[in-house]
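J.: Take this structure, written in structure tokens, and hold onto it; I'll ask about it next.
The values are calculated or read from the model by the stated rules, or taken from the named source; none is laboratory data. Note that the coordinates shown come from a computational prediction; the quantities given were computed from them, not determined experimentally. Reconstructed Cβ throughout: ideal geometry from the backbone, glycine too, with neighbour counts over all protein chains shown. Just so you know, the surface numbers come from the protein's heavy atoms only, side chains and all, with ligands and any DNA or RNA stripped out. Shrake-Rupley method; radii C 1.70, N 1.55, O 1.52, S 1.80 Å.
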Amino acid sequence: MAAITRSNKNNIPIAFWPLLALTLLGIGLAIYRLVVGLGVSTNMSDHYPWGIWITVDLFLIPVAGAAFTISLLSYFLGREDYHSIIRPAVLAGFLGYGVVGVLLFLDIGRWPQFYNIFVPGYINLHSFLEEVSLCVTLYTLILILEIAPVFLEKWGYTVPIRWIQRGIFVIAGAGIVLSMLHQSSLGSMFLLMSHKLHPLWWTPALPLLFYLQAVYTGLGATAIAVKLIWKAMGLPIDRVLFRRIGQAMSINLMLYAAIKVGDWMGAGEIPLLLRPDAFGYLAWFQFLIGIVLPLGILLSKLVGHTSGPFWAGVFALIGTFIERLVVSWIGLAEPNPVSYIPSFTEIFITIGMIAGGVLIYGAVVRYFKLFPDPEHAHA
Amino acid sequence: MTLSRRDFFKAAGLAIGGALITAGPAQASTGEADPNEYAAMLYDATMCVGCNACTNACRQWNKTTAEPDARLLYDAPKELSADTWTMIQLYQGESETSFVKRQCMHCVSPACVSGCPVQALQKTAEGPVTYDQERCIGCRYCMYACPFHVPRFEWGTAQFPVIAKCTLCADRLKDGLQTACAERCPTSALIFGKRGDLIADAEKRISENPARYVNHLYGKDDAGGTSVMYLSGVPFEKLGLEDLGTTPIPEISEGTANILLPGILVGGPLLLGMIRMTAKRGGWEDTWPL
């Protein structure tokens, strides 16, 4: 990571070449997929109509939700110390949503008429998938506005920056409302599947659970990213900020845990937890590793060290990944199950698009001012 | 790609405005029509001889391709597919045996219609759940939404695959014809009629011959009611007709949409505004722990 600092502008970091190769491979495969159709290029089937792309999307959206959580804390709860991480968080959010958008576009079989989701006469407002599509699109536009000053200031356009700054509360506020909508709607999408999704995961509270999960996952991702990047760039890490991130995380983890356990008990699903099958084990694993462990870390003295929120973030992300994996893929029962292993094309398109996102992030870090200068950073 | 920016904002504005307007108890998928008047089919498994005439009638009318066995001698689909919209399956138990016909159930409150983002799937006033490939974006949400595992996708070599399923011969109904499969059935195991009339007929059969039937007309109330209904001599679960309860599948989802969407769109900005006002007065600095 040290290689991407602005100090050695003339050296191309070693990581650049493999990332570029993966990105180009991904773009090539994406074009191939668009030309030949889903049946030829993927291993999805009538038994697994959704594959790895949807699972990755469902995981990336809460991770990229970091931008929305940090906006909320910074712009509305008046926490000045979050300002130092708004830019890196918003850019990560924008690129995360960019990857999600590309993967969703590649995932729809009839992509030449994707714009039907915007046609007023076609829009179905009872469909949470429609709602997610509209919100994610609008939110990506909001993120462009939020991140635009990074580029505008470099190129010397001061007037539009002033407009954006004047409207930042409206812009950020709209982003927060859109995030609340689509992060919860992502869970609501599975409300229709009460007879297919495993009962340990299906609950009418799915929208609330997905929303809370997005908040603590976004915060966890922020802690991870800030620790790694700040360390690599030699910036002083703000311990108070880390403690605050940790505390905000723990509140949302506790709410999630309470609702989850309450739902298991209320629906009489405790026997399913005690059953020695894959889903029982997965539910335990997700709850212990993804909820209890990070909560334990954050409620201990470790919350005062940067490694506390960092490791809590790592474990929370693992838990979130398991939940999204079960809900969108392995927990959806079909009769006569057949196996689904993602095809080469599916896997390397996914890797390629994420590599592309990382490349762009690195390029922006290198050529634009995303982080506070070390001498001006307040501890 | 041809979408102009103006169209986009128009759509977005309409979407948000529309979400507020539909805050009422509107249920798009149930419609206004009387379910008893819907075109419907009754399948009596005890009368079916498994001849597959229905499968072939469907193929001829809808021009689908046969799925033959390895010797290319017999049309032998194993389950519904993009090419097989209806078929007969055989349940072979230890002491009992029964055929069962598969096709779209044409639910009274279809989950696929509720989930489809672009209204490519629609519940028509006559009863059939129809599909419009000019609207469909190929997201396959309907396949997951359907509790009967009916909508299928063209996974073969199609460049822009379509969703495929039984249409209840909507294109025949409008000419006053009945469904192709019911018309062809030689034993009258499958009959076509108005849903209300078929329910009366089926209940009469059960009461006249209680030993012959399981005392349940599957689809009368199951999953909120379907337009294709079943009588059977063996338990329905064994025929793959699961106990789905009597609540319409979309109810929880649409109820949540009606509360959450306007709730967040109105409540979110209000809450943020209040937080902002309080923060401006410095109210958060001491009290807010984060």
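J.: Being open to solvent by 70 Å² or more (accessible area, probe 1.4 Å), within 14 Å of chain B (Cβ to nearest Cβ) and either at negative phi or of a type in the set (A, V, I, L, M, F, W, C) (or both) narrows it down to one residue among A:144, A:176; which is it?
T.: Criteria check complete, one pass: A:144.
J.: If you don't mind, there's one more thing I want to ask. Tell me the residue from B:112, B:58 that is surrounded by 15 or more Cβ atoms within 10 Å (Cβ to Cβ), assigned to a helix (DSSP H, G or I), in contact (Cβ under 8 Å) with a residue 12 or more places away in the chain and more than 14 Å from chain A (Cβ to nearest Cβ), please.
T.: Residue meeting the stated conditions: B:58.
J.: Would you check if residue B:255 is small (Gly, Ala, Ser), more than 24 Å from the chain's Cα centre (by Cα) and within 30 Å of residue A:135 (Cα to Cα)?
T.: Answer is no for this residue.
J.: Right, next: Please report, ordered by residue number, the helices (runs of 4 or more DSSP H) entirely within the stretch B:136-230 with at least 2 residues that are within 14 Å of chain A (Cβ to nearest Cβ).
T.: Because the criterion is at least 2 residues that are within 14 Å of chain A (Cβ to nearest Cβ), the helices (runs of 4 or more DSSP H) in the stretch B:136-230 that meet it are B:141-145.
J.: Can you tell me which of A:150, A:132, A:119 is open to solvent by 30 Å² or more (accessible area, probe 1.4 Å) and either under 13 Å from residue B:118 (Cα atoms) or more than 9 Å from every other protein chain (Cβ to nearest Cβ) (or both)?
T.: A:119 is the lone residue from the list that is open to solvent by 30 Å² or more (accessible area, probe 1.4 Å) and either under 13 Å from residue B:118 (Cα atoms) or more than 9 Å from every other protein chain (Cβ to nearest Cβ) (or both).
J.: Another question, if that's okay. Confirm whether residue A:72 is more than 11 Å from every other protein chain (Cβ to nearest Cβ) and either in contact with a helix residue (DSSP H, G or I) (Cβ under 7 Å, 6 or more places away or on another chain) or of a type in the set (Phe, Trp, Tyr) (or both).
T.: no
J.: Okay, moving on. Give A:259, A:251, A:289 a once-over and let me know the one that is assigned to a helix (DSSP H, G or I), of a type in the set (Val, Ile, Thr) and more than 26 Å from residue A:330 (Cβ to Cβ).
T.: A:251
J.: Looking at (1) open to solvent by less than 30 Å² (accessible area, probe 1.4 Å); (2) more than 7 Å from chain B (Cβ to nearest Cβ); (3) under 23 Å from residue A:165 (Cα atoms), which is the only condition residue A:107 fails?
T.: (3)
J.: Here's a follow-up. Scan the stretch A:24-31 and give yes if some residue there is surrounded by fewer than 20 Cβ atoms within 10 Å (Cβ to Cβ) and within 14 Å of another protein chain (Cβ to nearest Cβ), otherwise no.
T.: yes
J.: Just to be sure I understand, how many residues within the stretch A:202-237 are part of a loop (DSSP other than H, G, I, E, B) and more than 14 Å from every other protein chain (Cβ to nearest Cβ)?
T.: Total satisfying the criteria: 4.
J.: Additional query: Among the residues of the stretch B:69-82, is any in a helix (DSSP H, G or I), under 21 Å from the mean Cα position of the chain (by Cα) and in contact (Cβ under 8 Å) with a residue 24 or more places away in the chain?
T.: No, because not a single residue in the stretch B:69-82 is in a helix (DSSP H, G or I), under 21 Å from the mean Cα position of the chain (by Cα) and in contact (Cβ under 8 Å) with a residue 24 or more places away in the chain.
J.: Could you figure out which of (1) at pLDDT 95 or above; (2) facing another protein chain (nearest Cβ under 10 Å); (3) surrounded by 24 or more Cβ atoms within 10 Å (Cβ to Cβ) isn't true of residue A:62?
T.: (2)
J.: So the check is Cβ under 8 Å with 6+ separation or different chains; which pairs have a first residue in the stretch A:103-120 that's in contact (Cβ under 8 Å) with a residue 12 or more places away in the chain and a second one that's acidic (Asp, Glu) and surrounded by fewer than 20 Cβ atoms within 10 Å (Cβ to Cβ)?
T.: A:118/B:7
J.: State all residues of the stretch A:116-129 that are closer than 13 Å to residue B:136 by Cβ and assigned to a helix (DSSP H, G or I); if no residue qualifies, say none.
T.: Once the filter is applied, which keeps residues that are closer than 13 Å to residue B:136 by Cβ and assigned to a helix (DSSP H, G or I), the stretch A:116-129 yields A:116, A:117, A:129.
J.: Let me ask something additional. For residue A:125, state whether it is touching a Pro at 6+ places or on another chain (Cβ under 7 Å), modelled with pLDDT under 95 and either crowded, with 19+ Cβ neighbours inside 10 Å or more than 7 Å from chain B (Cβ to nearest Cβ) (or both).
T.: It is false that residue A:125 is touching a Pro at 6+ places or on another chain (Cβ under 7 Å), modelled with pLDDT under 95 and either crowded, with 19+ Cβ neighbours inside 10 Å or more than 7 Å from chain B (Cβ to nearest Cβ) (or both).
J.: Count, please, the residues in the stretch A:84-104 that happen to be open to solvent by 20 Å² or more (accessible area, probe 1.4 Å) and within 13 Å of another protein chain (Cβ to nearest Cβ).
T.: 1
J.: Does the stretch B:262-279 contain any residue that is at the interface with chain A (Cβ under 8 Å from one of its Cβ atoms) and either open to solvent by 70 Å² or more (accessible area, probe 1.4 Å) or at pLDDT 95 or above (or both)?
T.: Among the residues of the stretch B:262-279, not one is at the interface with chain A (Cβ under 8 Å from one of its Cβ atoms) and either open to solvent by 70 Å² or more (accessible area, probe 1.4 Å) or at pLDDT 95 or above (or both), which makes the answer no.
J.: Filter the stretch B:247-261 for residues that are among the polar types (S, T, N, Q) and either more than 10 Å from chain A (Cβ to nearest Cβ) or part of a helix (DSSP H, G or I) (or both); which is farthest from residue B:80 (Cα to Cα)?
T.: B:258
J.: Out of the residues in the stretch B:232-246 that are facing another protein chain (nearest Cβ under 9 Å) and in contact (Cβ under 8 Å) with a residue 40 or more places away in the chain, which is nearest to residue A:192 (Cα to Cα)?
T.: Of everything passing the filter in the stretch B:232-246, B:244 is nearest to residue A:192 (Cα to Cα).
J.: Looking at (1) at pLDDT 95 or above; (2) open to solvent by 20 Å² or more (accessible area, probe 1.4 Å), find the lone condition where residue B:158 falls short.
T.: Going through the list (1) at pLDDT 95 or above; (2) open to solvent by 20 Å² or more (accessible area, probe 1.4 Å), residue B:158 breaks only (1).
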